[in-house]
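Input: a single structure, listed below in structure tokens.
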Amino acid sequence: AMWLMLQNDEPEDFVIATGEVHSVREFVEKSFLHIGKTIVWEGKNENEVGRCKETGKIHVTVDLKYYRPTEV
């Protein structure tokens, strides 16, 4: 895709995507599994946190700057 974009004579905007939707939650869960740990979700909405089951440490918090409760 990058090579094809560079072949254009005029600059243009392009969107390169797989068409698949993945949540941050899914990314975090798969990342934890990759290192042999388990993430436990606690709380709701903007107060939700992700805690490592093995260590008890909170690794994920919601940043209100990016929180969009009405979007999927």
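The values are calculated or read from the model by the stated rules, or taken from the named source; none is laboratory data. In this text, all values refer to a predicted model and were calculated from it rather than measured experimentally. Here the Cβ positions follow ideal geometry from the backbone for every residue, glycine too, while neighbour counts run over all protein chains shown. Ligands, DNA and RNA are stripped out before the accessible areas are found, and what is left, the full protein with its side chains, is counted by its heavy atoms. Shrake-Rupley method; radii C 1.70, N 1.55, O 1.52, S 1.80 Å.
For this structure, a couple of remarks:
- Subset of region 54-72 (residues that are in a loop (DSSP other than H, G, I, E, B) and in contact with a strand residue (DSSP E or B) (Cβ under 8 Å, 6 or more places away or on another chain)): K57, V62
- Restricting attention to region 36-72, the residues being modelled with pLDDT under 95, closer than 14 Å to R25 by Cα and among the hydrophobic types (A, V, I, L, M, F, W, C) number 2.
- Among residues of region 46-72 that are open to solvent by less than 100 Å² (accessible area, probe 1.4 Å), those with a beta-carbon under 9 Å from a residue that is part of a loop (DSSP other than H, G, I, E, B) and among the aliphatic types (A, V, I, L, M) at least six positions away or on a different chain give the pairs E46/V62; E46/L64; E48/V62; V49/V62.
- The residues of region 2-53 that are of a type in the set (S, T, Y) and outside any loop (DSSP other than H, G, I, E, B) amount to a single one, S31.
- Within region 14-28, the set of residues being open to solvent by 80 Å² or more (accessible area, probe 1.4 Å) and not basic (K, R) comprises F14, V15, I16, A17, T18, E20, V21, H22, V24, F27.
- Members of region 29-45 that are surrounded by 13 or more Cβ atoms within 10 Å (Cβ to Cβ) and charged (D, E, K, R): E29, K37
- Subset tally (residues that are of a type in the set (A, V, I, L, M) and either touching a residue at least 40 places away in the same chain (Cβ under 8 Å) or farther than 29 Å from H59 by Cβ (or both)) for region 1-43: 8
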